[in-house]
1. Counting only residues that are more than 19 Å from Lys24 (Cβ to Cβ) and not hydroxyl-bearing (Ser, Thr, Tyr), which one in the stretch 48-68 is least open to solvent (accessible area, probe 1.4 Å)?
2. Do you know which residues across the stretch 4-13 are within 10 Å of the chain's Cα centre (by Cα) and either surrounded by fewer than 16 Cβ atoms within 10 Å (Cβ to Cβ) or at positive phi (or both)?
3. Could you list, in sequence order, the residues of the stretch 14-39 that are loosely packed, with under 15 Cβ neighbours inside 10 Å and touching a residue at least 12 places away in the same chain (Cβ under 8 Å)?
4. Please tell me if Leu45 is within 11 Å of Gln8 (Cβ to Cβ), among the aliphatic types (A, V, I, L, M), open to solvent by less than 40 Å² (accessible area, probe 1.4 Å) and within 12 Å of the chain's Cα centre (by Cα).
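The values are calculated or read from the model by the stated rules, or taken from the named source; none is laboratory data. Because the structure is a prediction, the values reported are computed rather than measured. Positions of Cβ are generated from backbone atoms using ideal geometry, with glycine treated the same way; all protein chains shown enter the neighbour counts. Just the protein is used for accessible areas: all its heavy atoms, side chains included, with ligands, DNA and RNA removed. Shrake-Rupley method; radii C 1.70, N 1.55, O 1.52, S 1.80 Å.
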Amino acid sequence: MAQFYVNQNQQSNGDHEVHQEGCKFMPFEKNLLDLGGFTDCSDALDEAKNTYDQVNGCDNCCPDCHIT
């Protein structure tokens, strides 16, 4: 089970990116909301949607959940 976080700062397109622990593009810790442990990124995105309307997976650490 991997640990996932969502960036509380939105991207220029309005997305709040979901990252897996250890991602080289992980935002500063103060900007992260801990989503918890999940077996895949889609469950982490579902959890992030409880807080933010527009979420997307990081292209680097969550490519299966990244929508271009």
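1. Here the residue is Ala48.
2. Of everything in the stretch 4-13, just one residue is within 10 Å of the chain's Cα centre (by Cα) and either surrounded by fewer than 16 Cβ atoms within 10 Å (Cβ to Cβ) or at positive phi (or both), namely Gln8.
3. Result: Gly14, Glu21, Gly22, Lys24, Phe25, Asn31, Asp34, Gly36, Gly37, Thr39.
4. no
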